[in-house]
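Take a look at the structure below.
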Amino acid sequence: MTDVVVVGGGVAGLVAARDLAKGGAHVVLVEGSDVLGGMVRRHSVAGLDLDMAADSFATRNDAVGRLAIELGLGNEITAPDPRGAWLMTRDGRTSPIPETGLLGIPGSPMAADVLAVVGQKAALRAQMDSLLPSPVGAKAASLGELVRKRMGDRVLDDLVVPIVAGVHSTHPDDLDPDRVAPGLRAALLREGSLARAVLALRARATAGSAVQGIRGGIVRLVDELVADMETYRVDVRLRTRATAIEEHAVEVRTEDGETERLVAEHVLASTADPARATGAERSGIELVTLVVDQRELDAAPRGTGMLVHPDAPSVRAKAITHATVKWPWLAEAAAGRHVLRLSYATAADAVETGRSLPVDPRDPVGTRAAQDAAALLGVRIPVSAVVGAARVRWHGPDTTATGLADGVVGIGEASSGRGLAGIVQAARTAAVHILDS
């Protein structure tokens, strides 16, 4: 009997398998594809090796930083350029993101950078938050309801909606505040206002940038985790799909059609149980990366990028990252070219990774991305300036379809939500609980 079977070879599965094996457990990791890392992988665009998906991690906890140190990458951790990002409101106005906020909730509603986005009338309404009894909104079922009750519709729509859409790919009305902003309710009751609660949480956060990266790309974490699979003798089985996931067993099938029942003391899974999944369609994300030779972008017209209101006119991208402004190490590698990453919401029915796009004005995705990048950055970007492009699509977590059996430990996006910080922390916590049991 195996000690632990881990289903899924993304970051969550790799972290859990590494920690368990390092702690002395015999671990089998099964992955349906032929490569480990999930969406934390690399692809080459115009000769540049780039992160396929996430290029940073949140510093709301130290989980990723501690892991990077353990993997020998502590000296490679880097902060993004301090110029910050912008946002585009529903009516197409653009402004820098206010400095003293949390998921767009302003810590200083009457600050000049907040006024520039929402206007004086909405800022005054938000300022009324300080006069409301602290219990107002404290039991709100969603982040959107909480902000609406404390600060009004305009702050919610112009600030919180575009930032939350860019970070969590959903509307604030669909987010549990306890999950995306832990401690916010308690701080509201303690501080007496939502604005003061935001400032208090920011003051308690780790000093420095809210996100960090790794020189050479986040994918270097996966490189080291994969190497540790061999170091700690994890039995890695690629091209092996789980067909049923139970508390003490996983049924698998290889690409050759061979089946096996893996019996274990513990089972961890970062994917849905095929025997229980509902098959419901999931929303997804499409990331288009452009490598552009356009000197007008040298001025970084929108800082490190822009988050876009879902209803903004004439722009289909929900966000753009000016990656060669955000990461100085990448600007050096790009040698004068610019890397732009645009994300789109999609109901894709299949995962496509690393598929090159033709640099052709007739190509609808390439054309859309170049047009959106020009509109968002305020710089003309002719197709002739695009020297390389690639597209990646992936599903979001299917929390309704996971349906894991009792006793199976859920890890990964479906259990922790998007974001490396939460995924890594949850995977390591799960491993500790098993080792201590």
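The values are calculated or read from the model by the stated rules, or taken from the named source; none is laboratory data. This is a predicted model, so every value here is computed, not measured. We place every Cβ from the backbone using ideal geometry, glycine too, and count neighbours over all the protein chains shown. To get the accessible areas, we keep the full protein, side chains included, count just its heavy atoms, and leave off ligands, DNA and RNA. Shrake-Rupley method; radii C 1.70, N 1.55, O 1.52, S 1.80 Å.
Looking only at the chain, where both bridge partners belong to it, what percent of the DSSP beta bridges are antiparallel (to the nearest 5)?
Details: 51 of 68 bridges.
Percent antiparallel among DSSP bridges in the chain is about 75.
Excluding same-chain residues fewer than 8 positions from Lys139, which lysines have a Cα within less than 28 Å of its Cα?
In chain and number order, the partners are Lys121, Lys149.
For region 1-96, what is the accessible area per residue in Å², given a 1.4 Å probe and the full set of protein chains? Kindly include the intermediate steps, with their values, before the conclusion.
Values: 3580 Å² over 96 residues.
Per residue, region 1-96 has an accessible area of 37 Å².
Give me the lysines in straight-line cross-link reach of Lys326: C-alpha distance below 18 Å, same-chain residues under 8 apart excluded.
Result set, ordered by chain and number: Lys318.
Summing -39500 (n - 2.57) over the DSSP H runs of n ≥ 4 in the chain and dividing by its residue number, what mean residue ellipticity at 222 nm do you reach, to the nearest 500 deg cm²/dmol?
On the way: 15 runs with 134 residues, N = 437.
Calculated from helices alone, the mean residue ellipticity at 222 nm is -8500 deg cm²/dmol.
Working out 0.36 nm times the residue gap between Arg295 and Ala244, then minus their Cα-Cα distance, what length gain in nm do you get to one decimal? The partial results should precede the final answer.
Working: separation 51, 0.36 × 51 = 18.36 nm, distance 5.38 nm.
Here the segment from Arg295 to Ala244 would lengthen by 13.0 nm.
Using only C-alpha atoms and all pairs of different ones, pull out the Kirkwood radius for region 1-46 in Å with one decimal. Mind dumping the intermediate values first?
On the way: mean 1/r = 0.0874 Å⁻¹.
It is 11.4 Å.
Sorted by packing (mean other beta-carbon atoms within 10 Å per residue), highest first, where do 370-380, 115-125 land? Please report the intermediate quantities before stating the final value.
Details: 370-380: 20.1, 115-125: 17.3.
With the highest mean Cβ count within 10 Å placed first, the list reads 370-380, 115-125.
Give the calculated FRET efficiency between Gln371 and Ala335 to the nearest 0.05, with a Förster radius of 35 Å applied to their Cβ-Cβ distance. Intermediate values should be presented prior to the final figure.
Details: r = 26 Å, r/R0 = 0.73.
For R0 = 35 Å, the calculated efficiency reads 0.85.
Putting +1 on Lys and Arg Cβ atoms and -1 on Asp and Glu Cβ atoms, find which of Ala140, His171, Ser130 reaches farthest to the positive end of the dipole of region 123-194.
Ser130
For region 8-154, what class follows from the C-alpha gyration tensor (a ≥ b ≥ c being the square roots of its eigenvalues): rounded when a/c is under 1.5, otherwise prolate if a/b is larger than b/c, else oblate? Can you show the working numbers first?
Numbers: a/c = 2.70, a/b = 1.92, b/c = 1.41.
Judged from the Cα gyration tensor, region 8-154 comes out prolate (a/c at least 1.5, a/b above b/c).
Please name whichever of Gly217, Leu199, Val292 sits farthest to the positive end of the charge dipole of region 182-322, dipole taken about the Cα centre and charges placed at Cβ: Lys and Arg +1, Asp and Glu -1.
The listed residue farthest towards the positive side: Leu199.
Just the accessible area per residue of region 162-247, please: how many Å² with a 1.4 Å probe? Don't skip to the end; give the middle numbers.
On the way: 4230 Å² over 86 residues.
Spelled out: the 1.4 Å probe surface of region 162-247, per residue, equals 49 Å².
With all protein chains present, calculate the accessible area of Glu413 using a 1.4 Å probe and round the result to the nearest 10 Å².
So the heavy atoms of Glu413 present about 60 Å² to solvent.
Any idea what % of Cα-Cα pairs in region 96-235 are farther than 26 Å?
Working: 3070 of 9730 pairs.
Summing the P(r) of region 96-235 above 26 Å gives 32 percent of all pairs.
Which angle between 0 and 90 degrees, to the nearest 10, do you get for helix 11-22 versus the longest principal axis of the chain when only C-alpha atoms count?
Between the helix axis and the principal axis of the chain, the angle is about 50 degrees.
Need one number: nm distance between label points at Arg316 and Glu230, each 7 Å from Cα along Cα→Cβ, rounded to one decimal.
Output for this residue pair reads 4.3 nm.
Report, in debye and to the nearest 20, how large the dipole of the chain comes out about its Cα centre when Lys and Arg carry +1 and Asp and Glu carry -1 on their Cβ. Present the calculation step by step, with values, prior to reporting the outcome.
Working: 47 positive and 54 negative charges, 335 e Å.
Here the size comes out at about 1600 debye.
Of the heavy-atom accessible surface of region 169-306 (probe 1.4 angstrom), what whole percent is carbon and sulfur?
Values: 3030 of 6980 Å².
Of all accessible area on region 169-306, carbon and sulfur atoms account for 43 percent.
How big is D, in µm² s⁻¹, for region 1-86 by Stokes-Einstein at 4 °C and 1.567 mPa s if Rh is the Kirkwood radius over C-alpha pairs?
On the way: Rh = 15.3 Å.
So the translational diffusion coefficient is about 85 µm²/s.
Per residue, how many Å² of accessible area does region 118-158 show with a 1.4 Å probe? Can you show the working numbers first?
Details: 1970 Å² over 41 residues.
Accessible surface, normalised per residue, equals 48 Å².
Specify whether the C-alpha gyration tensor of region 95-156 places it in the rounded, prolate or oblate class, a ≥ b ≥ c being the square roots of the eigenvalues: rounded for a/c under 1.5, otherwise prolate if a/b is larger than b/c and oblate if not.
Values: a/c = 2.05, a/b = 1.59, b/c = 1.29.
Prolate shape, in that a/c is at least 1.5 and a/b is the bigger ratio.
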